[in-house]
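Participant: Quick one: the structure is below, questions incoming.
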Amino acid sequence: MSLGSIPPKYKVSIDRDQCMDCGRCIENCSYGTFRRDGDKILIQSRKCTACLRCVSMCPRDAISLTENPVDYRSHPLWTRDAREDIIKQARSGKIILAGMGNASNLPSIFDRLLLDACQVTNPSIDPLREPMELRTYIGKKPSKLEFKKTEAGDVELATKLSPNLKLETPIMIGHMSYGAISLNAHLSMAKAAKETGTFMGTGEGGLHRELYPYQGNMIVQVASGRFGVNVDYLERGAAIEIKIGQGAKPGIGGHLPGEKVSAEVSRTRMIPLGSDAISPAPHHDIYSIEDLVQLVRSLKEATEWKKPVFVKIAAVHNVAAIAAGIARSSADAVVIDGSRGGTGAAPKVFRDHVGIPIEGAIASVDQKLREQGTRNEVSIIASGGMRNSADLAKSIALGADAIYIGTAALISMGCRVCGNCYRGLCPWGIATQRQDLVDRLDPEQGARQVSNLIHAWTLELSELMGAAGINSIESMRGNRDRLRGYMLDEGILEVLDVKNAGA
Amino acid sequence: MCGIIGVIDKTRSRMDGSKIKAALSLMNERGSGDGAGYAAYGIYPDYADCYALHVFFDNMAEPKTKVEEILHYWGTVVHQEEIPTFEQPGLKRVHTPWRYFFKPFDDMIGGKVGSEKDIIKHIVMEVNSSIDGALVFSSGKNMGVFKASGWPEDVANFYRIEDYEGYIWLAHNRYPTNSPGWWGGAHPFNLLDWSVVHNGEITSYGTNQRYVEGYGYKCTLLTDTEVVAYLFDLLGRQHELHTETVVKALAPPFWDEIDRMPPAKEGLYRTIRMTYGSALMNGPFAIVVASNEGIVGFTDRIKLRPLVVGENGDMLYISSEESAIRVIDPEVKNIRTPRAGEPIIGRFNA
């Protein structure tokens, strides 16, 4: 019995009165939605991904797009997604792939947390007139200071600091590999990181030589496939990050399709041209916490203990205990990636159903580390679906030192979150290796947009802090007293250690 | 708002409380009649080697029995008595102030309890967080806090503060804002030798509270000032930092200033800020902290609350207002207003 086709997801139409027949939609759509037939532009809506490239480039605003033009019989349980997934799997017998972050309909906790401001009894601080300090150091800090007497009888500091990364803003750019995204996307972000005094992750794709000028602002990643890793790579980074897991797909590895492994990608990753790059689910030398401790130490030894080493884990149920174990190693920071974290490609069932949201993870990790007296041993970097400066401020108030942005940085370069990254045809020149598409993203322009975004959030964070009467980020960190929950249940409030609005 | 005073006689000559009362009452504009208090050092020379535990009891039955169960487990009560009080028309008695002169057992020290002072800290945290109807509000040696809800004169007369003689005095006139006007919420706040009077509101309270709670302190008094006493105990006593260093941790210079310092100094200040970021106090405040070694006054990093300093020979005065200092000592010299975050330290002569 034939299953037939599932209804098209989008319907694209052209207002023929407006259209000037310039053909830019045809040129711009890498998915082949438009084609010319004589003097007419024909549309194949089924090919559309809603990347909105055509809409953005149409000089006459003639193109419109509707989602779900065909309705199913409505049913509260058998949603459109549920039915279509079954149809797809009945046909293919395979795992369903999906891109970007968690698309399930669960409410965001961030949206139900409210920030505080001063009135009367303490003055708010105007960031335009008074200093506002956002400088953040990522890395191990001593838990107390020690002084010693010199022979001359003077007192001097005996405590030595471990290497830390100095950030001018608590916003960093998370790990998205060259290969998954284009060189121009990497260049844009690297320039922006340098300009804004922050850092970006390389992802598990090695470090392309064109990024060497920005290596002082790069965090190099060591993931389970070890792609691109050698001692030269480690030494180039300002810090090293061991990736154990990722919020979008905790517990499983990664897969870069061979089509994306171009000559440059192959050279940078140190893998054969056109071969699939498969990162295994676990690191094959890490089967318990003490193996991780050894890897952290090995990386430190290889770089003469000059670089901070981070460990990134997905926010899973037991995240606090795992982070506490990492804090007892020589690691300098723990990166927690929440369940709304993005990805180029993940099995949909993982993306939407595995792991916990970042808000609860930050709260429980910070609490556990404080209980164990190890909060100063590691910095906490939170990531996974950070959409704006409010998410940033709330993350820090819950206890994070800094955040990683990922999808937000891509959107600032043009991404419209269509979720087809894994197909390698990104019309915005971001998640693709096809040179004609990559060329669409100008690294100078891209860098300006990414750094504008970071500047804008930084300004907003300053204003939020000033309104709360706080002039230094240290006093925002873990300051859950300045958060209130609204329409959150008692259980969540207890985990977050946040009072109810009005309380 | 609130008005604060700190006075030290560096020769350890003792003065009675009458002038402090007059000075504090002068600043009634800064209060609301909801709380006032005094701390005096050197007042119990006969019991100088005992910890003077001042306790508010709601009644003399169950809470007192429970407190004494804890005290008898940890040490010996050398002497106990009701703190003498005298009814005032403008002051409603809601607790009975009591004092114990207490010595911990030496052999209880060990494990997590590293010293006599750790025992006292533990007792204070235990009583205040777990016994209804009892609150230890003063726990140092040869010193005591006297406080209640009311105007400064009424509180002073209630305790007959002029009957006590001390070489350090702190005083506070309260206008409660972010917490209720109750006896436990009046200043000074005390733990062990540390006493704090504070004008302002600590916007970093949540951060500071999470930080000290990681070290076994329990914030139970519903007000932000309490945390300052614990920060001083943690940094000054447990981490053995000098007072100047403690102040530089709580109200550090801005990064821009640190960046301009010569390398060794820059390294020191950067390390202090990185290590004690969670101890940094934000928001408007002027604070005077006393211990058995002296007093220190300082303000927040952008000086959003007033602080005035005066000297006269071996006397050092710190207050919200110059006029209050002049009431104590009309001949006061070197009146000045310190810069934001600058520690003003008064120590006993060697």
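Participant: Taking 41 Å as R0, compute the FRET efficiency from the Cβ-Cβ separation of A:Asn318 and B:Asp163 and round it to 0.05. Please report the intermediate quantities before stating the final value.
Facilitator: Working: r = 61 Å, r/R0 = 1.48.
E between A:Asn318 and B:Asp163, to the nearest 0.05, is 0.10.
Participant: Report, in deg cm²/dmol and to the nearest 500, the calculated mean residue ellipticity at 222 nm for chain A, where each DSSP H run with n ≥ 4 adds -39500 (n - 2.57) and the sum is divided by the residue count. Let's see the in-between values first.
Facilitator: Numbers: 15 runs with 145 residues, N = 503.
Value at 222 nm, helices only, nearest 500: -8500 deg cm²/dmol.
Participant: Turning to a different aspect of this structure: If you take each beta carbon of peptide B:268-279 and count the beta carbons of other chains within 10 angstrom, what is the mean? Each step should come with its number before you reach the end.
Facilitator: Numbers: counts 5, 1, 4, 7, 3, 6, 13, 8, 7, 11, 9, 2.
Across B:268-279, the average partner-chain Cβ count within 10 Å equals 6.
Participant: Round to a whole angstrom and tell me the spacing of the C-alpha centers of the range B:317-350 and the range A:437-487.
Facilitator: The range B:317-350 and the range A:437-487 have Cα centres separated by 42 Å.
Participant: Arranged from highest to lowest average of other beta-carbon atoms within 10 Å per residue, in what order do the peptides A:334-345, B:297-308, B:91-102 appear? The partial results should precede the final answer.
Facilitator: Values: A:334-345: 28.6, B:297-308: 22.6, B:91-102: 18.3.
Per-residue mean Cβ counts within 10 Å order the peptides as A:334-345, B:297-308, B:91-102.
Participant: Hey, can you grab everything whose amide H is under 5 Å from the amide H of B:Leu316? Only 5+ residues off in sequence or another chain; H modelled, so Pro and N-termini drop out.
Facilitator: HN-HN under 5 Å from B:Leu316: B:Ile8, B:Lys10.
Participant: Another question, if that's okay. Do me a favour and compute the ellipsoid semi-axes for the range A:10-94 from its Cα gyration tensor, root of five times each eigenvalue, largest one first, whole Å.
Facilitator: The answer is 31, 15, 10 Å, longest axis first.
Participant: Report, as an integer, the average count of C-beta atoms from other chains found within 10 Å of each Cβ along A:164-170. Display every interim value, and only then the final one.
Facilitator: Numbers: counts 2, 0, 3, 0, 1, 0, 0.
Other-chain Cβ atoms within 10 Å of each residue's Cβ, averaged: 1.
Participant: Sorted by accessible area with a 1.4 angstrom probe, largest first, how do A:Asp401, A:Asp85, A:Asp15 fall?
Facilitator: Details: A:Asp401 10, A:Asp85 30, A:Asp15 70 Å².
So the residues, ranked largest to smallest area, are A:Asp15, A:Asp85, A:Asp401.
Participant: Based on DSSP, what percent of beta bridges with both residues in chain A are antiparallel, to the nearest 5? Before the final figure, lay out the partial values.
Facilitator: Numbers: 24 of 54 bridges.
Looking only at bridges with both residues in chain A, the antiparallel portion is about 45 percent.
Participant: Mind ordering A:151-159, A:475-483 by average Cβ neighbours within 10 Å, highest first?
Facilitator: Details: A:151-159: 10.4, A:475-483: 25.1.
Sorting A:151-159, A:475-483 by mean packing, highest first, produces A:475-483, A:151-159.
Participant: At a temperature of 25 °C and a viscosity of 0.890 mPa s, determine how fast chain A diffuses translationally according to Stokes-Einstein, using the Kirkwood radius over alpha-carbon pairs as Rh; express D in µm²/s, rounded to the nearest whole number.
Facilitator: Details: Rh = 24.3 Å.
Translational diffusion coefficient: 101 µm²/s.
Participant: Let me test this: with uniform point scatterers at the alpha carbons of the protein assembly as shown, what is the Debye-based log₁₀ I(q)/I(0) at q = 0.06, 0.07, 0.10, 0.11 1/Å?
Facilitator: Listed by q, the Debye log ratios stand at -0.48, -0.63, -1.05, -1.20.
Participant: In the calculated pair distance distribution of chain B, what percentage of Cα-Cα distances lie above 36 Å? The partial results should precede the final answer.
Facilitator: Working: 9364 of 61075 pairs.
So the portion of pairs separated by more than 36 Å is 15 percent.
Participant: Please compute the contact order of the range A:10-94 in relative form: average sequence separation of alpha-carbon pairs under 8 Å and at least six residues apart, divided by the residue count, as a percent.
Facilitator: Numbers: 93 pairs, mean separation 29.9, N = 85.
Relative contact order here is 35 percent.
Participant: Further question: Return the long-range amide H neighbours of B:Ile83 (sequence gap of 5 or more, or a different chain), with a cut-off of under 5 Å between placed amide H atoms.
Facilitator: Residues meeting the amide H criterion: B:Trp98, B:Arg99.
Participant: Between B:Asp224, B:Asp154, B:Asp106, where does the largest GNM mean-square fluctuation fall for chain B, given springs only between Cα atoms within less than 10 Å?
Facilitator: Of B:Asp224, B:Asp154, B:Asp106, the most mobile in the Gaussian network model is B:Asp106.
Participant: Share of the range A:10-94's accessible area from carbon and sulfur, percent, 1.4 Å?
Facilitator: On the way: 2650 of 5430 Å².
Carbon and sulfur: 49 percent of the exposed surface of the range A:10-94.
Participant: Right, here's the next one. Per residue of B:250-259, what is the mean number of Cβ atoms on other protein chains within 10 angstrom of that residue's Cβ? Before the final figure, lay out the partial values.
Facilitator: Details: counts 0, 0, 3, 0, 7, 7, 3, 1, 1, 1.
Partner-chain Cβ atoms within 10 Å, mean over residues of B:250-259: 2.
Participant: Still on this structure, please answer the following. What list of ³J(HN,Hα) values in whole Hz, one per residue of the range B:107-120 in order, does the Karplus curve 6.51 cos²θ - 1.76 cosθ + 1.60 (θ = phi - 60°) give from phi, with Gly and Pro shown as x?
Facilitator: The phi angles translate into 7, 8, 7, x, x, 5, 8, x, 7, 3, 5, 5, 5, 4 Hz.
Participant: Compare the peptides A:277-286, B:15-24, A:181-190 by average per-residue count of other Cβ atoms within 10 angstrom and give them in order, highest first.
Facilitator: Per-residue mean Cβ counts within 10 Å order the peptides as A:181-190, B:15-24, A:277-286.
Participant: Additional query: Could I have the simple spin-label model distance between A:Ser92 and B:Val94, label points 7 Å from Cα toward Cβ, reported in nm to one decimal?
Facilitator: 6.8
Participant: Could you tell me the distance between the Cα centroids of the range A:252-317 and the range B:244-282, to the nearest Å?
Facilitator: Here the answer is 37 Å between Cα centres.
Participant: Out of residues 5 or more away from A:Val222 or on other chains, whose amide H comes under 5 Å of its own, with H placed 1.01 Å from N in the peptide plane?
Facilitator: For A:Val222, the qualifying residues are A:Glu241, A:Ile242, A:Lys243.
Participant: Another one. Per residue, how much accessible area does the protein assembly as shown have with a 1.4 Å probe, in Å²?
Facilitator: Values: 34120 Å² over 853 residues.
Accessible area per residue: 40 Å².
Participant: If A:Lys306, A:Lys144 are ordered by their accessible area, calculated over protein heavy atoms with a 1.4 Å probe, which sequence runs from highest to lowest?
Facilitator: Details: A:Lys306 135, A:Lys144 60 Å².
Final ranking, largest accessible area leading: A:Lys306, A:Lys144.
The values are calculated or read from the model by the stated rules, or taken from the named source; none is laboratory data. Note that the structure is a prediction, hence the values are computed from the model and not measured. Neighbour counts run over all protein chains shown; Cβ positions are idealised from the backbone, glycine included. Surface areas here come from the heavy atoms of the whole protein model, side chains and all, with no ligands, DNA or RNA. Shrake-Rupley method; radii C 1.70, N 1.55, O 1.52, S 1.80 Å.
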